[in-house]
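The values are calculated or read from the model by the stated rules, or taken from the named source; none is laboratory data. Quick caveat: nothing in here was measured; it's all calculated off a predicted structure. Every residue, glycine among them, receives a Cβ derived from its backbone with ideal geometry; neighbour counts consider all protein chains shown. SASA here: full protein model, heavy atoms, side chains in, ligands and nucleic acids out. Shrake-Rupley method; radii C 1.70, N 1.55, O 1.52, S 1.80 Å.
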Amino acid sequence: MDVRVLAVLLCAVVGGLALKPRRCYSPPLLSGALTVATQNEQVWAYSRYMYDALGQRIRLHEFGVYQNETFTLDVLLLYRESIMFEIDRKAQTCKKRPLQVDFQPLAIPQNASFLGQAVVGGSSGPGQGLLVNTWVGLLPNNAGRYLTTVTEFGCIPVSISYQTPQYGWMVLSYFNNVIGLIDPNELNPPAFCMGDSVQVEEKPGHFFSAFLKN
């Protein structure tokens, strides 16, 4: 190969690698696990999750500690219907709450600024590390800052951190993610949640209600 052609190809490769990462959307269907922890150590939780951006639905099976008390919770959030279910399969009961927040897809927001790229793990050999991109930005109404990290390839969530007035930084760490839904039926309310006997609570819920028990 001509030396000049080789030099041009090398420059193209290096230039491509040096491109600034672009904002991205995570896959619309995801399953996996996550942990939640707060800076003031009042909350810690582990949860299996299913995420459906197409139908705007999230299911969480979790256990954790809130203000030194342990809890388990099974929550289904239906954003299009503006409903949040707390499900107790053992007792075959449900609590139903209004969900008065908009669905927020797993994505890099338009107001985010690129912070940097790093390798999680090692970079000495193939398969030793994971290339990730970290972005920062302001929450709506200047309520604080957020920090989100996703994989360079696939835009799979790695971690999301938010500033909160009550708990300080709240950190969600994602792992064991797979594209797709393990059991799509889990994103539909069970039959015993649809009857007239369902307990209805007036206090609106949101995603973090599943972890803060409020």
How do the pairs read when you match residues in the stretch 163-181 that are hydrophobic (A, V, I, L, M, F, W, C) with residues anywhere that are open to solvent by 50 Å² or more (accessible area, probe 1.4 Å) and at pLDDT 95 or above, using Cβ under 6 Å and keeping only pairs 6 or more apart or on different chains?
Leu181/Leu29
For Tyr46, are the conditions met, namely being of a type in the set (Phe, Trp, Tyr), modelled with pLDDT of 95 or more and within 30 Å of Arg22 (Cβ to Cβ)?
no
Residues to consider are Leu78, Leu34, Leu60, Leu30; find the one that is under 20 Å from Glu201 (Cβ atoms), open to solvent by less than 20 Å² (accessible area, probe 1.4 Å), under 13 Å from the mean Cα position of the chain (by Cα) and modelled with pLDDT of 95 or more.
Leu60
Counted residues in the stretch 165-192 being farther than 21 Å from Leu115 by Cα and of a type in the set (Ser, Thr, Tyr) come to 1
Suppose we keep only residues that are part of a strand (DSSP E or B) and touching a residue at least 40 places away in the same chain (Cβ under 8 Å) within the stretch 87-103. Which one would you say is nearest to the chain's Cα centre (by Cα)?
Leu99
Which number in (1) closer than 27 Å to Tyr66 by Cα; (2) touching a Ser or Thr at 6+ places or on another chain (Cβ under 7 Å); (3) of a type outside the set (D, E, K, R); (4) surrounded by fewer than 15 Cβ atoms within 10 Å (Cβ to Cβ) marks the one condition that Gln166 misses?
(2)
Inspect all residues belonging to the stretch 114-137 and state whether any of them is within 16 Å of the chain's Cα centre (by Cα) and open to solvent by 20 Å² or more (accessible area, probe 1.4 Å).
yes
